[in-house]
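For reference, the structure discussed in these notes is given below.
The values are calculated or read from the model by the stated rules, or taken from the named source; none is laboratory data. Since we're looking at a predicted model, the values are computed, not measured. When we count neighbours, we look across all protein chains shown, and the Cβ atoms used for this are built from the backbone with ideal geometry, even at glycine.
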Amino acid sequence: MSPVTAHPTTPPEPPTPAEALRGAGLRVTAARVAILEAVRSGDHLVAETVAERVRQRVGTVSTQAVYEALHALTGAGLVRRIEPAGSPARYEGRIGDNHHHLVCRRCGAVTDVDCAVGQAPCLEPASDAGYRIDEAEVIYWGLCPGCQRETAGSG
């Protein structure tokens, strides 16, 4: 009998957009599939950018329909909405891991960053005031590498 060799397990593939929509109890439409694909493949997109990408793929879709779909997808936990101060809402496909964000004060670029330390929710308040906390949302502000280079070059 040959010894069993342990193979590292590969994380399972995420469900297709249609499977994710069905699993969340949402109606599967071409626009919703395109919206979910745009958010998953994008980088913290604003709704208008999502709408542009969806129109390139499926043709006519109103911006209001995109907002409504993004609201439904966020409510179903299929996308995450973040709202950095002074910026329009942005949507991302990285969900369920309680990560945080770096935001550039100059150009508005948003970058994911894993939890600083420990288990979710990563931070513990001095007092929980009776709440059962299950998430912490942290935004770190600063200058992205590109803006740092521009600032250094102009000075």
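The rows are residues; the columns are (1) under 29 Å from ARG105 (Cα atoms); (2) modelled with pLDDT of 95 or more.
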{"position": "ARG55", "(1), (2)": "no, yes"}
{"position": "TYR67", "(1), (2)": "yes, yes"}
{"position": "LEU70", "(1), (2)": "yes, yes"}
{"position": "ALA76", "(1), (2)": "no, yes"}
{"position": "GLY86", "(1), (2)": "yes, no"}
{"position": "GLU92", "(1), (2)": "yes, yes"}
List every residue pair whose Cβ atoms sit under 7 Å apart, with the two residues 6 or more apart in sequence or on different chains, where the first one lies in region 102-113 and is in contact (Cβ under 8 Å) with a residue 60 or more places away in the chain and closer than 16 Å to VAL46 by Cα and the second, anywhere, is surrounded by 16 or more Cβ atoms within 10 Å (Cβ to Cβ) and of a type in the set (Val, Ile, Thr). VAL110/VAL103
Which numbered condition in (1) over 21 Å from ALA20 (Cα atoms); (2) among the hydroxyl-bearing types (Ser, Thr, Tyr); (3) surrounded by fewer than 16 Cβ atoms within 10 Å (Cβ to Cβ) is the only one that THR49 fails? (3)
